[in-house]
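One structure is given here, and the rest of the page talks about it.
Any read-out appearing in this document is the output of simple, stated calculations on the displayed coordinates, not a laboratory observation. Note that the coordinates shown come from a computational prediction; the quantities given were computed from them, not determined experimentally. Heads up, the Cβs are rebuilt from the backbone with ideal geometry, glycines too, and the neighbour counts pull from every protein chain shown.
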Amino acid sequence: MITAYVYEDRKLSITELQIEDGVPPSTLWLDLFKPTDEERDWLSKYSVEEVPEEDDINEIEASARFYQNSDGLHINSLFPQRVGQDVKGVNVSFNLRQDFLLTIREEDVGLIRLLRNYLRLGRIDAATPQALLLELFNLKVDYLSDLIEDVYSVVDGVSELVFDNNELDDVFKLITLQEDSNGKIRLSLLDTQRSLRYLQRYYRGQLTEDNLKDLREMLLDIESLMPHSQFIFDKLNFLLDAAMGFSGLQQNKIIKIFSVAAVIFLPPTVIASAYGMNFVAMPELEWQYGYPMAIIMMLASAGGTYAFFKRKGWL
């Protein structure tokens, strides 16, 4: 699907293009969502270089994610996407040209929908492709900050569950899920930082002073978010160690109970085994009070062993 965002006379109009159409004049943003082969061929008519494929967009090396060619500046950036309780990363290709911003993506991105709504409602005043790109990155940084706050609130709740005997399985699941989410958030922060620094270093001449100011503020925000992300990692590792230690402590207590029980019942077992032998010369076999005496001896030996352990503080 090809969508053109035309900004003229401070008014935004959104048009879905067909492969028979051309790029409208005053187009500010051209968005290709899950482009077909025919739509890629259509875009190649407006591109000097080859249109990037999905595999190119997902490359991780810097030379493939940040570069310039005859079509302008290219940035492939990782955007966070909330899926239930999980966080996933979606790569979006940006081609910043002199006349419009081109985006190519294979998945729906909530922040792009948000940017589109802000543009429609007039909440964002982005009259140039450069300003539009920086506004989207600004929304991305704010969203990453919100995600970090969400993870921290969940981690704070996990702390209260660590010492609950009935919730250890849920604790391990929550810790694993939040560690994965925080890792993806941190990866997106680092990717955004690399993208903005590339803009600052190699595209400074095409940016206004206001653009550069916004860019520097976003970099400062990212720098301030990094320690929070690291703190969450440390907190999660501590909670995982605490949960595993507490789980091991509970298992040791159970093993201790079985061990003490085995020792307590050892003397009665010895007495019962002795009188369970079938030798002829056993005078107690014909004793009238032999059976109750054996029972009393077994109870006394078990009680004495228990009292000894209790006095030693082993129970």
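Of all the options N117, N76, N58, the one that moves most in a Gaussian network model of the chain with Cα springs shorter than 10 angstrom is N117.
When Rg and the Kirkwood radius Rh are both evaluated on Cα atoms of the chain, their ratio Rg/Rh stands at 1.40. Cα centroid separation, segment 285-304 to segment 125-141: 90 Å. Pairs exceeding a 19 Å alpha-carbon distance, out of K88/K140; K34/K184; K34/K140: K34/K184; K34/K140.
Magnitude of the Cβ-charge dipole of the chain, K/R +1 and D/E -1, about the Cα centre, nearest 20 debye?
1660
In this Cβ point-charge picture (+1 for Lys and Arg, -1 for Asp and Glu), segment 204-315 has a dipole of about 660 debye about its Cα centre. Which residue, G303, G122, G110, has the most motion in a Gaussian network model of the chain that connects Cα atoms within less than 10 Å? The residue that fluctuates most here is G303. Ordering Y289, Y118, Y202 from the fewest to the most neighbouring beta carbons within 10 Å gives Y289, Y202, Y118. Of L266, L139, L119, the residue with the greatest mean-square motion in the GNM of the chain, using alpha carbon springs below 10 Å, is L266.
Which of the lysines could a cross-linker span from K310 if the Cα-Cα distance has to be under 29 Å and same-chain partners fewer than 8 positions apart are dropped? Filter leaves K253, K256. Taking the alpha-carbon distance from K11 and a cut-off under 13 Å, which aspartates and glutamates remain once sequence neighbours fewer than 8 residues away in the same chain are dropped? Result set, ordered by chain and number: D125.
Centre-to-centre, using Cα atoms only, segment 261-277 and segment 217-237 are separated by 63 Å.
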